[in-house]
Amino acid sequence: MASDPKSLSQSGLLSAEANQAAALAAYGGILTVDLDAVIANWRKLEKTAVPAECSAVIKADAYGCGAAEVARALNKAGCKTFFVATIEEARKVRAAVPEPTIYVLGGYFQNTGEHYAKINCRPVIGDLNELAEWDVFCRRTGWNGGAAIHIDTGMNRLGLTLTEAQAIIPRINAGDHGITLVMSHLVSAEQLNSPVNARQLAAFRSIASEFAGVPAALANSSGIFLGAPFQFDLVRPGAALYGVNPTPEADNPMQQVVDLKARIVQTRSIERGESVGYGGTWTARRPTKLAIIAVGYADGYFRAASSNDGTRGAEVIVAGKRCPVAGRISMDLIAVDITDLPPNAARRGHMATLLGEGITVDELAHHFGTIGYEVLTSLGHRYARIYKGGNVEEPLVKPAAVSGAELPPAPPPVEQPPPPLPG
């Protein structure tokens, strides 16, 4: 791994700009996250959902954009509630933002109560066994930090059934229950006319109204744009914060957040009839000039975006012009046809743009045969990361690898197992 840029700058031998350039030179690609764009997206979603509270889903390292950095920026902008997937994600976020509410979507597991209490975060409980185990922990320790109840209204993934949720309402309405949110998750929110949306809304509205005094949440990113009836007390945007289009049937209302550039490591010329890459699937139809770029599928640039003699693949921007991928994308390298560029427009050491300058996350997802969520969360760990905007307090350039010092602490002592559920 490259040296930490902070240590480079302390040498006193180079200017700050030269030190930054030296740090960046150690990486094949540079991923820039625009925190001001994240904030702008959150504020647009917040305005759309008024008067509901707008939280932020920052699981999977904020969809690959950096959970700690995104949490700090959004918290400064006014975001008070965050959602993550696991306790380990919650620990990282809590270290970055001491005050906001953090919910853990993955649920409660026996013997993890001390983890929740230690960092003051809340489980999203979606099973009666989880609820029983959580109750035991709270009674034994006196912990009253709160929890959410997840009700399944059609996803058939996590959550209490409607019958199970109905059965616990007397207990909830008796008071002193510690439930701070009741929530469900939409199946087809990005499809405006899906009849599933109306069915889920009706089911959730009916059951949530019986949880007296407990705030309710249903809408994800796309759900926010289904209108006020779906917004309840709190909305939970995720992918839209990072520039993925939450309204795929219309223009994207979100700002692009991620810019990805990669280094040209070589240019070369081939003759008509020569092939490029593994399998020789792409053949030059004219004398061709290629740029070889230091990113591949190990970096999250999917092999599915390759081209062959019958199919055009993804495009990369070199010297301000879109250039097609030539041949198969390999683990560490991409070949790009730059024949139509002016002479010397692209040279060894220049940077090509893989995301940005008009190439959106959703466009790349189309070439990858997937969705923008997977594009962002697949971005690899071999990039230098630059954070701009958002009053960043961290070093401008951050190595992506995790050091041993950042590993989570040892788990707490094991709790006693809970008693079995009655009946």
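Quick notes on this structure:
- Rounded to 10°, Cα long-axis angle of helix 87-96 versus longest principal axis of the chain: 80 degrees
- The chain: angle of helix 67-77 to the longest principal axis, Cα-based, in degrees nearest 10: 70 degrees
- Taking trypsin sites (Lys or Arg not before Pro) across region 313-359, the ones in a DSSP loop with at most 12 further Cβ atoms lying within 10 angstrom of their Cβ are 347, 348.
- Distant-in-sequence amide contacts of residue 108, defined by a placed amide H-H separation under 5 Å and a gap of 5 or more residues or a different chain, comprise 126.
- One Cα centroid belongs to region 142-201, the other to region 57-110; the line between them spans 21 Å.
- Residue of 245, 111, 41 that the Gaussian network model of the chain assigns the largest fluctuation, springs spanning Cα pairs under 10 Å: 111
- Relative contact order, percent, the chain [alpha-carbon distance under 8 Å, six or more residues apart]: 18 percent
- MRE, 222 nm, helices only [DSSP H, n ≥ 4, -39500 (n - 2.57), over the chain, to nearest 500]: -8000 deg cm²/dmol
- Considering only 326, 68, 284, the mean-square fluctuation computed in a Gaussian network model of the chain, springs between alpha carbons under 10 angstrom, is largest for 284.
- Pairs from 59/80; 76/261; 59/388; 118/388 whose Cα-Cα separation, in the structure shown, is over 25 Å: 76/261; 118/388
- Cα centroid of region 302-371 to Cα centroid of region 226-264, whole Å: 24 Å
- Estimated FRET transfer efficiency (residue 255, residue 196; beta-carbon r; R0 30 Å; 0.05): 0.55
- Computed extension length for residue 111-residue 340: 76.2 nm, one decimal, from 0.36 nm per residue of separation with the Cα-Cα distance subtracted.
- Couplings 3J(HN,Hα) of region 239-245, computed from phi: 4, 4, 4, 9, x, 6, 5 Hz, in residue order, whole Hz [Karplus 6.51 cos²θ - 1.76 cosθ + 1.60, θ = phi - 60°; x for Gly and Pro].
- Seen from every direction in turn and averaged, the convex hull around the alpha carbons of region 75-151 projects onto 4.9 nm².
- Region 155-226, relative contact order [Cα under 8 Å, separation at least 6], %: 40 percent
- Dipole magnitude for region 50-115: about 120 debye, using +1 per Lys or Arg Cβ and -1 per Asp or Glu Cβ, origin at the Cα centre.
- Using the Karplus relation 6.51 cos²θ - 1.76 cosθ + 1.60 with θ = phi - 60°, the per-residue 3J(HN,Hα) values for region 128-136 come to 5, 5, 4, 4, 5, 5, 5, 4, 4 Hz, with x marking Gly and Pro.
- The accessible surface of the chain, taken with every protein chain in place and a 1.4 Å probe, is 52 percent carbon and sulfur.
- Between 0 and 90°, nearest 10: helix 35-49 axis offset from the chain longest Cα axis: 40 degrees
- Where (i) 1.12; (ii) 0.98; (iii) 1.02 are the candidate values, the label of the one calculated here for Cα Rg over 2.2 N^0.38 Å is (i).
The values are calculated or read from the model by the stated rules, or taken from the named source; none is laboratory data. Keep in mind it's a predicted model, so treat the numbers as computed, not measured. Backbone-built Cβ (ideal geometry, glycine too); neighbour counts: all protein chains shown. Remember, those area values only see protein heavy atoms, side chains included, never the ligands or the DNA or RNA. Shrake-Rupley method; radii C 1.70, N 1.55, O 1.52, S 1.80 Å.
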